[in-house]
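Bear in mind these aren't lab numbers, they're just calculated from the coordinates by the rules spelled out. Please read all numbers here as calculations on a predicted model, not as lab measurements. Using ideal geometry, Cβ is built from the backbone for each residue, glycine included, and neighbour counts are taken over all protein chains shown.
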Amino acid sequence: MLENVVYPFFHIMHVVVAHDPYFQQKHDACGILGLFPIQKFIVMLKMLAYNVVVDTCDEYCKLGKSTSMEAWKKFCNVVKECFKTKYF
C-alpha cells in the first residue's frame with residue numbers, strides 16, 4: 001500500500017529534477033553542497049496540500065522566502081510543461 005503513495009511522489013520529483021537543473025543539488029561558490037532536491041520538492045507539495053504561504057515553510061525545510069518563491073514558479077512551469085499532454 002505504501003508503494004502506491006510513495007511512487008507518484010518520487011516519479012514527479014525525478015521528472016522535475018531531470019527537466020530543470022534548478023532542482024538539482026549543486027555546489028555553491030565556497031564548495032558547499034546546496035539544498036537537496038527533495039527539500040525544494042517538499043516545500044512545493046506542502047504549499048499545495050495545505051494551502052499555506054511561503055513563510056510557513058521557511059523553518060521546516062530551511063528555505064528562504066525568495067528561494068521558495070523561485071522554486072514554486074519553476075516547479076509549476078516544469079509540471080505544466082512535462083505533464084500537459086497527459087493531464088491537461
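Amide H to amide H under 5 Å from GLY34: which residues, 5+ apart in sequence or cross-chain, H placed 1.01 Å off N in plane?
Here the answer is LYS26, HIS27, ASP28, since their amide H atoms fall under 5 Å of that of GLY34.
What does the extension gain come out to for LEU35 and CYS76, with contour length at 0.36 nm per residue minus their alpha carbon separation?
Going from the current span to full extension adds 12.9 nm.
For labels at PHE9 and LYS86 in the simple 7 Å Cα→Cβ model, what's the distance in nm?
In this crude label model, PHE9 to LYS86 measures out at 1.8 nm.
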